[in-house]
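K.L.:
One structure follows; several queries about it will come next.
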Amino acid sequence: MPEISAAHNQFAYSVSEISTALKRVVEDNFGHVRVRGEISGWKLASSGHAYLKLKDTGAVLDAVCWKGVIGKMPFRPEDGIEVICSGRLTTYPGRSNYQLVIDFMEPAGAGALMALLEKRKATLAAEGLFDESRKRPLPFMPRVIGVVTSPTGAVIRDILHRLSDRFPCHVLVWPVLVQGENAAEQIAAAINEFNAPQSAFPTPELLIVARGGGSLEDLWPFNEEIVVRAAAASHIPLISAVGHETDTTLIDYVSDRRAPTPTAAAEIAVPVLSEWLLTLVEHGARLLASVTRNLQNQQDKVTGLARGLPHPRRMLENSIQKLDDWSERLAASLPAMLLQRQQQLAISSAKLQPLSLMQNIARYTQDVANSASRIQRLAMRAIADREDKLKALAQLLESLSHARVLERGFVLVQDSNGTLVTRAASVSSTAALTLTFHDGNKTVRAD
(Lines give C-alpha, C1' and ligand atoms only; values in the text may rest on other atoms or scores of the structure.)
Protein backbone atom coordinates (compact mmCIF):
# COMPACT_ATOMS: atom_id res chain seq x y z
CA MET A 1 0.00 0.00 0.00
CA PRO A 2 1.57 3.34 -1.11
CA GLU A 3 2.67 5.84 1.55
CA ILE A 4 0.35 8.87 1.89
CA SER A 5 2.17 12.21 2.26
CA ALA A 6 0.98 14.67 4.88
CA ALA A 7 0.69 17.33 2.12
CA HIS A 8 -2.34 15.54 0.76
CA ASN A 9 -4.24 16.49 3.88
CA GLN A 10 -3.72 20.30 3.30
CA PHE A 11 -6.69 22.50 2.25
CA ALA A 12 -6.93 23.06 -1.54
CA TYR A 13 -7.64 26.68 -2.58
CA SER A 14 -9.48 27.53 -5.75
CA VAL A 15 -7.76 29.94 -8.15
CA SER A 16 -10.20 32.69 -7.24
CA GLU A 17 -9.67 32.12 -3.52
CA ILE A 18 -5.92 32.32 -3.76
CA SER A 19 -6.15 35.44 -5.96
CA THR A 20 -8.49 37.09 -3.46
CA ALA A 21 -6.22 36.22 -0.58
CA LEU A 22 -3.19 37.63 -2.34
CA LYS A 23 -5.15 40.77 -3.25
CA ARG A 24 -6.11 41.28 0.41
CA VAL A 25 -2.53 40.82 1.57
CA VAL A 26 -1.14 43.27 -0.97
CA GLU A 27 -3.79 45.93 -0.37
CA ASP A 28 -3.58 45.63 3.43
CA ASN A 29 0.18 46.06 3.47
CA PHE A 30 0.50 48.62 0.65
CA GLY A 31 -2.74 50.60 1.03
CA HIS A 32 -0.90 53.87 0.37
CA VAL A 33 2.54 54.15 -1.21
CA ARG A 34 4.67 56.72 -3.10
CA VAL A 35 6.65 55.28 -5.95
CA ARG A 36 9.36 57.01 -7.97
CA GLY A 37 10.12 55.85 -11.48
CA GLU A 38 10.28 56.66 -15.18
CA ILE A 39 7.10 56.53 -17.27
CA SER A 40 7.14 53.91 -20.01
CA GLY A 41 4.43 52.77 -22.40
CA TRP A 42 1.96 55.56 -21.56
CA LYS A 43 -1.30 54.66 -23.33
CA LEU A 44 -4.55 56.60 -23.09
CA ALA A 45 -7.58 54.35 -23.71
CA SER A 46 -10.76 55.50 -25.46
CA SER A 47 -12.48 55.48 -22.04
CA GLY A 48 -10.12 58.22 -20.85
CA HIS A 49 -8.20 55.94 -18.44
CA ALA A 50 -4.41 55.60 -18.84
CA TYR A 51 -2.23 52.51 -18.57
CA LEU A 52 1.54 52.73 -18.09
CA LYS A 53 4.62 51.22 -16.51
CA LEU A 54 6.98 52.71 -13.94
CA LYS A 55 10.52 51.48 -14.26
CA ASP A 56 13.97 52.00 -12.85
CA THR A 57 17.23 50.21 -13.48
CA GLY A 58 16.11 47.01 -11.74
CA ALA A 59 12.36 46.50 -12.09
CA VAL A 60 9.10 47.41 -13.84
CA LEU A 61 5.78 48.12 -12.14
CA ASP A 62 2.45 48.14 -13.99
CA ALA A 63 0.20 51.10 -13.17
CA VAL A 64 -3.23 52.45 -14.03
CA CYS A 65 -4.47 56.03 -13.80
CA TRP A 66 -8.22 56.68 -13.90
CA LYS A 67 -9.75 59.43 -16.05
CA GLY A 68 -10.71 61.69 -13.12
CA VAL A 69 -7.13 61.65 -11.79
CA ILE A 70 -5.60 62.54 -15.17
CA GLY A 71 -7.60 65.76 -15.36
CA LYS A 72 -6.21 66.95 -12.00
CA MET A 73 -2.55 66.49 -12.90
CA PRO A 74 -0.50 69.72 -13.16
CA PHE A 75 1.16 68.45 -16.37
CA ARG A 76 0.58 65.98 -19.20
CA PRO A 77 2.58 62.76 -18.66
CA GLU A 78 4.84 61.47 -21.43
CA ASP A 79 7.22 58.55 -21.86
CA GLY A 80 10.66 59.13 -20.41
CA ILE A 81 9.57 61.52 -17.63
CA GLU A 82 10.61 60.63 -14.08
CA VAL A 83 7.66 61.03 -11.74
CA ILE A 84 6.56 60.37 -8.17
CA CYS A 85 3.19 58.61 -7.99
CA SER A 86 0.97 58.29 -4.92
CA GLY A 87 -1.59 55.48 -4.75
CA ARG A 88 -2.21 51.96 -3.65
CA LEU A 89 -0.97 48.57 -4.76
CA THR A 90 -3.50 45.98 -5.83
CA THR A 91 -3.64 42.83 -7.91
CA TYR A 92 -5.34 42.14 -11.20
CA PRO A 93 -6.58 38.53 -11.10
CA GLY A 94 -7.27 38.45 -14.83
CA ARG A 95 -3.51 38.51 -15.50
CA SER A 96 -2.12 37.27 -12.19
CA ASN A 97 -0.06 40.41 -11.73
CA TYR A 98 0.05 43.35 -9.37
CA GLN A 99 -0.23 47.03 -10.27
CA LEU A 100 -0.24 50.53 -8.82
CA VAL A 101 -3.53 52.45 -8.89
CA ILE A 102 -2.35 56.07 -9.11
CA ASP A 103 -4.19 58.73 -7.12
CA PHE A 104 -1.74 61.57 -7.83
CA MET A 105 1.29 62.06 -10.07
CA GLU A 106 3.90 64.80 -10.01
CA PRO A 107 7.26 65.26 -11.72
CA ALA A 108 10.21 64.03 -9.72
CA GLY A 109 11.56 67.53 -9.10
CA ALA A 110 12.12 70.48 -11.41
CA GLY A 111 14.67 68.53 -13.38
CA ALA A 112 12.04 66.18 -14.75
CA LEU A 113 9.81 69.05 -15.82
CA MET A 114 12.74 70.85 -17.39
CA ALA A 115 13.63 67.73 -19.37
CA LEU A 116 10.04 67.48 -20.59
CA LEU A 117 10.04 71.18 -21.37
CA GLU A 118 13.23 70.97 -23.43
CA LYS A 119 11.95 67.94 -25.32
CA ARG A 120 8.67 69.67 -26.18
CA LYS A 121 10.48 72.89 -27.09
CA ALA A 122 12.74 71.05 -29.53
CA THR A 123 9.76 69.30 -31.16
CA LEU A 124 7.81 72.54 -31.68
CA ALA A 125 10.88 74.43 -32.86
CA ALA A 126 11.52 71.74 -35.48
CA GLU A 127 8.03 72.46 -36.86
CA GLY A 128 8.96 76.13 -37.33
CA LEU A 129 6.48 77.49 -34.78
CA PHE A 130 9.17 79.65 -33.18
CA ASP A 131 10.47 81.24 -36.40
CA GLU A 132 10.77 85.02 -36.33
CA SER A 133 9.25 85.21 -39.82
CA ARG A 134 5.89 84.10 -38.37
CA LYS A 135 5.69 87.00 -35.94
CA ARG A 136 3.44 89.90 -36.92
CA PRO A 137 3.65 93.59 -35.98
CA LEU A 138 1.31 94.78 -33.24
CA PRO A 139 -1.40 97.35 -34.07
CA PHE A 140 -0.36 100.87 -33.08
CA MET A 141 -3.63 101.98 -31.46
CA PRO A 142 -5.93 98.96 -30.99
CA ARG A 143 -9.55 99.88 -30.40
CA VAL A 144 -10.46 96.46 -28.93
CA ILE A 145 -8.10 94.30 -26.82
CA GLY A 146 -8.88 90.74 -25.72
CA VAL A 147 -7.36 89.54 -22.42
CA VAL A 148 -7.13 85.84 -21.48
CA THR A 149 -6.46 85.51 -17.76
CA SER A 150 -8.01 84.74 -14.40
CA PRO A 151 -10.96 87.01 -13.58
CA THR A 152 -9.70 87.37 -10.02
CA GLY A 153 -6.37 88.53 -8.71
CA ALA A 154 -4.02 91.43 -9.30
CA VAL A 155 -3.16 90.59 -12.92
CA ILE A 156 -6.42 91.68 -14.54
CA ARG A 157 -6.64 94.73 -12.27
CA ASP A 158 -3.11 95.83 -13.17
CA ILE A 159 -3.78 95.42 -16.90
CA LEU A 160 -7.09 97.31 -16.83
CA HIS A 161 -5.63 100.06 -14.63
CA ARG A 162 -2.58 100.55 -16.87
CA LEU A 163 -4.67 100.54 -20.06
CA SER A 164 -7.03 103.10 -18.54
CA ASP A 165 -4.11 105.36 -17.56
CA ARG A 166 -2.28 105.13 -20.87
CA PHE A 167 -4.92 104.80 -23.57
CA PRO A 168 -8.53 103.96 -22.65
CA CYS A 169 -9.98 101.38 -25.05
CA HIS A 170 -12.52 98.57 -25.21
CA VAL A 171 -11.23 95.52 -23.27
CA LEU A 172 -12.80 92.04 -23.51
CA VAL A 173 -11.80 89.72 -20.66
CA TRP A 174 -12.13 85.97 -21.19
CA PRO A 175 -11.97 84.37 -17.72
CA VAL A 176 -9.97 81.13 -17.50
CA LEU A 177 -8.11 79.02 -14.99
CA VAL A 178 -4.38 79.76 -15.15
CA GLN A 179 -3.19 76.68 -13.23
CA GLY A 180 -4.41 73.29 -12.20
CA GLU A 181 -7.01 71.03 -13.75
CA ASN A 182 -8.33 71.97 -17.22
CA ALA A 183 -6.34 75.23 -17.23
CA ALA A 184 -4.58 74.47 -20.53
CA GLU A 185 -7.84 73.51 -22.26
CA GLN A 186 -9.56 76.70 -21.11
CA ILE A 187 -6.67 78.94 -22.20
CA ALA A 188 -6.49 77.32 -25.66
CA ALA A 189 -10.28 77.50 -26.05
CA ALA A 190 -10.28 81.22 -25.17
CA ILE A 191 -7.64 82.00 -27.80
CA ASN A 192 -9.53 80.00 -30.42
CA GLU A 193 -12.85 81.65 -29.56
CA PHE A 194 -11.38 85.13 -29.84
CA ASN A 195 -10.12 84.22 -33.32
CA ALA A 196 -13.46 82.76 -34.42
CA PRO A 197 -15.94 85.13 -36.14
CA GLN A 198 -18.23 86.53 -33.47
CA SER A 199 -21.45 88.53 -33.59
CA ALA A 200 -21.92 88.83 -29.82
CA PHE A 201 -18.86 91.06 -29.35
CA PRO A 202 -16.38 92.92 -31.57
CA THR A 203 -13.31 91.05 -32.79
CA PRO A 204 -10.20 92.13 -30.84
CA GLU A 205 -7.32 93.70 -32.73
CA LEU A 206 -4.82 92.44 -30.12
CA LEU A 207 -4.73 89.57 -27.59
CA ILE A 208 -2.96 89.48 -24.20
CA VAL A 209 -2.47 86.11 -22.47
CA ALA A 210 -1.42 86.89 -18.90
CA ARG A 211 -0.70 85.28 -15.55
CA GLY A 212 1.20 86.30 -12.42
CA GLY A 213 4.38 84.70 -11.19
CA GLY A 214 4.69 81.21 -9.76
CA SER A 215 6.69 78.00 -9.75
CA LEU A 216 7.44 75.94 -12.81
CA GLU A 217 4.52 73.67 -11.93
CA ASP A 218 2.18 76.66 -11.54
CA LEU A 219 3.14 78.01 -14.97
CA TRP A 220 3.03 74.59 -16.64
CA PRO A 221 -0.35 75.08 -18.47
CA PHE A 222 1.40 77.69 -20.64
CA ASN A 223 3.93 75.02 -21.66
CA GLU A 224 1.24 72.61 -22.81
CA GLU A 225 1.21 71.83 -26.52
CA ILE A 226 -2.51 72.64 -26.90
CA VAL A 227 -1.89 76.22 -25.65
CA VAL A 228 1.24 76.73 -27.74
CA ARG A 229 -0.48 75.58 -30.93
CA ALA A 230 -3.54 77.75 -30.27
CA ALA A 231 -1.29 80.81 -29.84
CA ALA A 232 0.66 79.93 -33.00
CA ALA A 233 -2.57 79.57 -35.02
CA SER A 234 -4.00 82.90 -33.84
CA HIS A 235 -4.45 85.36 -36.70
CA ILE A 236 -4.83 88.15 -34.12
CA PRO A 237 -1.45 89.49 -32.91
CA LEU A 238 -0.74 88.10 -29.44
CA ILE A 239 1.31 89.32 -26.45
CA SER A 240 2.35 86.74 -23.84
CA ALA A 241 2.73 88.03 -20.28
CA VAL A 242 3.18 84.95 -18.13
CA GLY A 243 5.02 85.10 -14.82
CA HIS A 244 7.83 87.46 -13.90
CA GLU A 245 10.62 88.72 -16.10
CA THR A 246 12.81 85.69 -15.34
CA ASP A 247 10.03 83.19 -16.12
CA THR A 248 9.92 81.73 -19.63
CA THR A 249 7.20 79.46 -21.03
CA LEU A 250 6.71 77.96 -24.47
CA ILE A 251 3.89 80.40 -25.31
CA ASP A 252 6.52 83.17 -25.14
CA TYR A 253 8.30 81.66 -28.16
CA VAL A 254 5.23 81.58 -30.42
CA SER A 255 3.69 84.90 -29.35
CA ASP A 256 4.24 87.93 -31.53
CA ARG A 257 5.66 89.83 -28.55
CA ARG A 258 6.71 88.75 -25.04
CA ALA A 259 6.14 91.07 -22.09
CA PRO A 260 8.16 90.57 -18.90
CA THR A 261 5.06 91.20 -16.75
CA PRO A 262 1.30 91.66 -17.30
CA THR A 263 1.67 95.37 -16.55
CA ALA A 264 4.39 95.64 -19.19
CA ALA A 265 2.03 93.91 -21.65
CA ALA A 266 -0.48 96.74 -21.20
CA GLU A 267 2.31 99.27 -21.78
CA ILE A 268 3.38 97.47 -24.97
CA ALA A 269 -0.21 97.16 -26.22
CA VAL A 270 -1.10 100.89 -26.29
CA PRO A 271 0.77 104.20 -26.42
CA VAL A 272 0.39 106.94 -23.81
CA LEU A 273 -2.56 109.07 -24.88
CA SER A 274 -1.37 112.21 -23.08
CA GLU A 275 2.03 111.99 -24.76
CA TRP A 276 0.43 111.62 -28.16
CA LEU A 277 -1.95 114.48 -27.49
CA LEU A 278 1.05 116.63 -26.54
CA THR A 279 2.84 115.46 -29.68
CA LEU A 280 -0.21 116.35 -31.78
CA VAL A 281 -0.34 119.80 -30.17
CA GLU A 282 3.34 120.32 -30.91
CA HIS A 283 2.95 119.13 -34.50
CA GLY A 284 -0.14 121.33 -34.88
CA ALA A 285 1.76 124.38 -33.63
CA ARG A 286 4.65 123.60 -35.96
CA LEU A 287 2.21 123.13 -38.86
CA LEU A 288 0.45 126.42 -38.10
CA ALA A 289 3.78 128.25 -37.87
CA SER A 290 4.91 126.69 -41.12
CA VAL A 291 1.68 127.60 -42.94
CA THR A 292 1.81 131.17 -41.56
CA ARG A 293 5.43 131.54 -42.61
CA ASN A 294 4.67 130.15 -46.05
CA LEU A 295 1.75 132.55 -46.51
CA GLN A 296 3.91 135.48 -45.43
CA ASN A 297 6.60 134.44 -47.90
CA GLN A 298 4.03 134.21 -50.68
CA GLN A 299 2.61 137.62 -49.75
CA ASP A 300 6.09 139.15 -49.81
CA LYS A 301 6.72 137.56 -53.18
CA VAL A 302 3.47 138.93 -54.61
CA THR A 303 4.29 142.37 -53.22
CA GLY A 304 7.72 142.25 -54.84
CA LEU A 305 6.27 141.20 -58.18
CA ALA A 306 3.64 143.92 -57.99
CA ARG A 307 6.34 146.58 -57.81
CA GLY A 308 7.54 145.61 -61.26
CA LEU A 309 4.07 145.80 -62.85
CA PRO A 310 2.51 149.03 -64.20
CA HIS A 311 -0.60 150.41 -62.61
CA PRO A 312 -3.71 148.62 -63.87
CA ARG A 313 -5.32 151.94 -64.84
CA ARG A 314 -2.37 152.72 -67.09
CA MET A 315 -2.60 149.31 -68.69
CA LEU A 316 -6.26 149.96 -69.56
CA GLU A 317 -5.78 153.46 -70.97
CA ASN A 318 -4.56 152.28 -74.40
CA SER A 319 -7.32 149.71 -74.64
CA ILE A 320 -9.94 152.30 -73.74
CA GLN A 321 -8.62 154.64 -76.44
CA LYS A 322 -8.64 151.86 -79.04
CA LEU A 323 -12.21 150.99 -78.10
CA ASP A 324 -13.32 154.58 -78.63
CA ASP A 325 -11.53 154.75 -82.00
CA TRP A 326 -13.10 151.47 -83.22
CA SER A 327 -16.53 152.61 -82.05
CA GLU A 328 -16.29 155.75 -84.19
CA ARG A 329 -15.04 153.80 -87.21
CA LEU A 330 -17.83 151.25 -86.79
CA ALA A 331 -20.48 153.96 -86.71
CA ALA A 332 -19.11 155.45 -89.96
CA SER A 333 -18.69 152.14 -91.79
CA LEU A 334 -22.18 150.78 -91.16
CA PRO A 335 -24.03 153.05 -93.73
CA ALA A 336 -21.39 152.33 -96.42
CA MET A 337 -21.66 148.59 -95.83
CA LEU A 338 -25.47 148.71 -96.04
CA LEU A 339 -25.33 150.63 -99.38
CA GLN A 340 -22.92 148.07 -100.81
CA ARG A 341 -25.16 145.18 -99.79
CA GLN A 342 -28.21 146.90 -101.35
CA GLN A 343 -26.40 147.28 -104.71
CA GLN A 344 -25.39 143.61 -104.69
CA LEU A 345 -29.00 142.67 -103.97
CA ALA A 346 -30.26 144.76 -106.91
CA ILE A 347 -27.83 143.09 -109.31
CA SER A 348 -28.83 139.64 -108.12
CA SER A 349 -32.52 140.53 -108.42
CA ALA A 350 -32.06 141.65 -112.02
CA LYS A 351 -30.60 138.26 -112.90
CA LEU A 352 -33.71 136.56 -111.54
CA GLN A 353 -36.27 138.10 -114.00
CA PRO A 354 -38.95 135.63 -115.38
CA LEU A 355 -38.05 136.20 -119.05
CA SER A 356 -34.44 135.33 -118.46
CA LEU A 357 -35.46 132.22 -116.54
CA MET A 358 -37.79 131.05 -119.38
CA GLN A 359 -35.03 131.51 -121.95
CA ASN A 360 -32.64 129.43 -119.90
CA ILE A 361 -35.25 126.69 -119.44
CA ALA A 362 -35.98 126.57 -123.21
CA ARG A 363 -32.29 126.33 -123.99
CA TYR A 364 -31.73 123.51 -121.48
CA THR A 365 -34.82 121.65 -122.79
CA GLN A 366 -33.50 121.77 -126.38
CA ASP A 367 -30.11 120.51 -125.23
CA VAL A 368 -31.78 117.58 -123.48
CA ALA A 369 -33.83 116.68 -126.59
CA ASN A 370 -30.75 116.76 -128.84
CA SER A 371 -28.84 114.53 -126.45
CA ALA A 372 -31.72 112.02 -126.29
CA SER A 373 -31.90 111.84 -130.11
CA ARG A 374 -28.17 111.16 -130.39
CA ILE A 375 -28.34 108.45 -127.73
CA GLN A 376 -31.28 106.73 -129.53
CA ARG A 377 -29.44 106.69 -132.88
CA LEU A 378 -26.30 105.28 -131.29
CA ALA A 379 -28.31 102.56 -129.53
CA MET A 380 -30.11 101.46 -132.73
CA ARG A 381 -26.80 101.30 -134.57
CA ALA A 382 -25.22 99.15 -131.83
CA ILE A 383 -28.21 96.74 -131.84
CA ALA A 384 -28.02 96.29 -135.62
CA ASP A 385 -24.32 95.50 -135.42
CA ARG A 386 -24.96 92.85 -132.76
CA GLU A 387 -27.73 91.23 -134.85
CA ASP A 388 -25.42 90.93 -137.88
CA LYS A 389 -22.73 89.25 -135.79
CA LEU A 390 -25.28 86.82 -134.29
CA LYS A 391 -26.55 85.76 -137.74
CA ALA A 392 -23.02 85.10 -138.97
CA LEU A 393 -22.25 82.93 -135.97
CA ALA A 394 -25.52 80.96 -136.43
CA GLN A 395 -24.63 80.21 -140.05
CA LEU A 396 -21.18 79.04 -139.03
CA LEU A 397 -22.65 76.76 -136.35
CA GLU A 398 -25.13 75.30 -138.80
CA SER A 399 -22.37 74.46 -141.30
CA LEU A 400 -20.33 72.69 -138.66
CA SER A 401 -23.26 70.61 -137.23
CA HIS A 402 -22.96 66.75 -137.32
CA ALA A 403 -26.41 66.61 -138.85
CA ARG A 404 -24.91 67.95 -142.10
CA VAL A 405 -22.29 65.19 -141.96
CA LEU A 406 -25.03 62.52 -141.56
CA GLU A 407 -26.86 63.95 -144.63
CA ARG A 408 -23.78 63.13 -146.66
CA GLY A 409 -24.11 59.39 -145.81
CA PHE A 410 -22.17 59.07 -142.59
CA VAL A 411 -23.55 57.09 -139.58
CA LEU A 412 -23.11 57.71 -135.80
CA VAL A 413 -22.40 54.42 -133.94
CA GLN A 414 -23.16 54.01 -130.16
CA ASP A 415 -23.10 50.96 -127.84
CA SER A 416 -25.94 49.93 -125.47
CA ASN A 417 -24.67 52.48 -122.84
CA GLY A 418 -24.87 55.36 -125.33
CA THR A 419 -21.06 55.58 -125.55
CA LEU A 420 -19.74 56.67 -128.97
CA VAL A 421 -17.93 53.80 -130.79
CA THR A 422 -14.92 54.93 -132.83
CA ARG A 423 -12.91 51.68 -133.21
CA ALA A 424 -13.98 48.24 -134.49
CA ALA A 425 -11.68 46.50 -132.05
CA SER A 426 -13.64 47.88 -129.13
CA VAL A 427 -16.87 46.10 -130.29
CA SER A 428 -17.42 42.58 -129.01
CA SER A 429 -19.31 39.99 -131.03
CA THR A 430 -23.09 39.94 -130.60
CA ALA A 431 -22.92 43.41 -129.03
CA ALA A 432 -25.98 45.61 -129.58
CA LEU A 433 -25.21 48.81 -131.50
CA THR A 434 -27.33 51.84 -132.25
CA LEU A 435 -26.85 53.46 -135.69
CA THR A 436 -27.95 57.03 -136.06
CA PHE A 437 -28.80 58.20 -139.63
CA HIS A 438 -29.81 61.71 -140.64
CA ASP A 439 -33.45 60.62 -140.65
CA GLY A 440 -33.58 58.21 -137.65
CA ASN A 441 -32.00 55.36 -135.58
CA LYS A 442 -31.52 51.61 -136.10
CA THR A 443 -30.44 48.93 -133.63
CA VAL A 444 -28.18 46.15 -134.97
CA ARG A 445 -26.08 43.33 -133.50
CA ALA A 446 -22.38 42.87 -134.38
CA ASP A 447 -21.33 39.43 -135.61
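The values are calculated or read from the model by the stated rules, or taken from the named source; none is laboratory data. These numbers were taken from a predicted model, which means no experiment stands behind them. FYI the Cβ positions are ideal-geometry reconstructions off the backbone, even for glycines, and counts take in every protein chain you see.
K.L.:
Listed residues 87, 94; which is more than 17 Å from residue 262 (Cα to Cα), in the same structural domain as residue 21 (by TED's automatic domain parsing) and loosely packed, with under 13 Cβ neighbours inside 10 Å? Please lay out each step first, then the result.
P.N.:
Details: 87 fails: loosely packed, with under 13 Cβ neighbours inside 10 Å.
After applying the criteria, what remains is 94.
K.L.:
Would you mind telling me which numbered condition in (1) loosely packed, with under 13 Cβ neighbours inside 10 Å; (2) out of contact with any Pro (no Cβ under 9 Å at 6 or more places or on another chain); (3) modelled with pLDDT under 90; (4) not charged (D, E, K, R) residue 246 fails?
P.N.:
Condition not satisfied by residue 246: (2).
K.L.:
Can we say residue 145 is part of a helix (DSSP H, G or I) and in contact with a strand residue (DSSP E or B) (Cβ under 7 Å, 6 or more places away or on another chain)? Walk me through it before giving the result.
P.N.:
Details: part of a helix (DSSP H, G or I): no; in contact with a strand residue (DSSP E or B) (Cβ under 7 Å, 6 or more places away or on another chain): yes.
No; evaluated as a whole, the condition is false for this residue.
A quick yes/no check of all residues on (1) of a type in the set (Val, Ile, Thr); (2) touching a residue at least 12 places away in the same chain (Cβ under 8 Å):
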| position | (1), (2) |
| --- | --- |
| 220 | no, yes |
| 224 | no, yes |
| 252 | no, yes |
| 258 | no, yes |
| 269 | no, yes |
| 273 | no, yes |
| 286 | no, no |
| 292 | yes, no |
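K.L.:
For a quick check of your reading of the model, give me the residue pairs whose first member lies in the stretch 405-419 and is in contact (Cβ under 8 Å) with a residue 12 or more places away in the chain, whose second is part of a loop (DSSP other than H, G, I, E, B) and β-branched (Val, Ile, Thr), with beta-carbon atoms closer than 6 Å and at least 6 apart or on different chains.
P.N.:
Partner pairs satisfying both residue conditions: 413/421; 415/421.
A quick yes/no check of all residues on (1) crowded, with 23+ Cβ neighbours inside 10 Å; (2) farther than 27 Å from residue 118 by Cβ; (3) under 26 Å from the mean Cα position of the chain (by Cα):
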site: 171; (1), (2), (3): no, yes, no
site: 175; (1), (2), (3): no, yes, no
site: 184; (1), (2), (3): yes, no, no
site: 196; (1), (2), (3): no, yes, yes
site: 206; (1), (2), (3): yes, yes, yes
site: 220; (1), (2), (3): yes, no, no
site: 227; (1), (2), (3): yes, no, no
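K.L.:
Working only within the stretch 250-306, note down all residues that are of a type in the set (Gly, Ala, Ser), surrounded by 15 or more Cβ atoms within 10 Å (Cβ to Cβ) and either assigned to a helix (DSSP H, G or I) or not assigned by TED's automatic domain parsing to the domain that holds residue 160 (or both). Even if it seems obvious, please write down each step before you answer.
P.N.:
Restricting attention to the stretch 250-306, the residues satisfying the condition of being of a type in the set (Gly, Ala, Ser) are 255, 259, 264-266, 269, 274, 284-285, 289-290, 304, 306.
Remaining after also requiring surrounded by 15 or more Cβ atoms within 10 Å (Cβ to Cβ): 255, 259, 264-266, 269.
Within the stretch 250-306, 264, 265, 266, 269 meet the criteria.
K.L.:
Identify the residue in the stretch 33-44 that is within 18 Å of residue 72 (Cβ to Cβ) and surrounded by fewer than 17 Cβ atoms within 10 Å (Cβ to Cβ) and, among all such residues, is modelled with the highest pLDDT.
P.N.:
Selected residue: 34.
K.L.:
To continue, here is another question. Scan the stretch 151-177 residue by residue and report those that are of a type outside the set (S, T, N, Q), closer than 28 Å to residue 70 by Cα and out of contact with any helix residue (DSSP H, G or I) (no Cβ under 7 Å at 6 or more places or on another chain).
P.N.:
Answer for the stretch 151-177, where residues must be of a type outside the set (S, T, N, Q), closer than 28 Å to residue 70 by Cα and out of contact with any helix residue (DSSP H, G or I) (no Cβ under 7 Å at 6 or more places or on another chain): 151, 153, 175.
K.L.:
May I pose another question? Residue check: is residue 124 in a helix (DSSP H, G or I), under 20 Å from residue 247 (Cβ atoms) and not assigned by TED's automatic domain parsing to the domain that holds residue 261? Steps first, answer last, please.
P.N.:
Working: in a helix (DSSP H, G or I): yes; under 20 Å from residue 247 (Cβ atoms): yes; not assigned by TED's automatic domain parsing to the domain that holds residue 261: no.
The answer is no for residue 124.
K.L.:
So, one more: Closer than 25 Å to residue 170 by Cβ and either modelled with pLDDT under 85 or hydrophobic (A, V, I, L, M, F, W, C) (or both), is that true of residue 305?
P.N.:
Working: closer than 25 Å to residue 170 by Cβ: no; either modelled with pLDDT under 85 or hydrophobic (A, V, I, L, M, F, W, C) (or both): yes.
Taking the combined requirement at face value, the residue does not satisfy it.
K.L.:
Can you name the residue in the stretch 154-163 that is surrounded by 14 or more Cβ atoms within 10 Å (Cβ to Cβ) and either outside the structural domain of residue 179 (by TED's automatic domain parsing) or of a type outside the set (A, V, I, L, M) (or both) and is also farthest from residue 267 (Cα to Cα) among such residues? Steps first, answer last, please.
P.N.:
So the first thing to find is which residues in the stretch 154-163 are surrounded by 14 or more Cβ atoms within 10 Å (Cβ to Cβ), and the list is 155-156, 158-160, 162-163.
Next, only the ones that are either outside the structural domain of residue 179 (by TED's automatic domain parsing) or of a type outside the set (A, V, I, L, M) (or both) stay: 158, 162.
Values: 158: 11, 162: 7 Å.
Here the answer is 158.
K.L.:
Still on this structure, please answer the following. Could you grab me the full set of residues in the stretch 102-126 that are modelled with pLDDT of 85 or more, surrounded by fewer than 16 Cβ atoms within 10 Å (Cβ to Cβ) and farther than 15 Å from residue 225 by Cα?
P.N.:
The answer is 103, 104.
K.L.:
Out of all the residues in the stretch 196-208, is one or more under 22 Å from residue 246 (Cβ atoms) and either assigned by TED's automatic domain parsing to the domain that holds residue 266 or not hydroxyl-bearing (Ser, Thr, Tyr) (or both)?
P.N.:
Looking only at the stretch 196-208, we keep the residues that are under 22 Å from residue 246 (Cβ atoms), and these are 208.
Remaining after also requiring either assigned by TED's automatic domain parsing to the domain that holds residue 266 or not hydroxyl-bearing (Ser, Thr, Tyr) (or both): 208.
So far as the stretch 196-208 goes, yes, one or more of its residues are under 22 Å from residue 246 (Cβ atoms) and either assigned by TED's automatic domain parsing to the domain that holds residue 266 or not hydroxyl-bearing (Ser, Thr, Tyr) (or both).
K.L.:
Within the stretch 25-80, can you find the residues that are assigned to a loop (DSSP other than H, G, I, E, B), of a type in the set (Asp, Glu) and over 46 Å from the mean Cα position of the chain (by Cα)?
P.N.:
Filtering the stretch 25-80 down to residues assigned to a loop (DSSP other than H, G, I, E, B) leaves 30-32, 45-49, 56-59, 66, 71-80.
Then drop every residue that is not of a type in the set (Asp, Glu), which leaves 56, 78-79.
Correct list: 56 only.
K.L.:
Picking from 178, 155, which residue would you name as being assigned to a loop (DSSP other than H, G, I, E, B) and under 21 Å from residue 211 (Cα atoms)? Walk me through how you get there before you give the answer.
P.N.:
Numbers: 155 fails: assigned to a loop (DSSP other than H, G, I, E, B).
The unique qualifying residue is 178.
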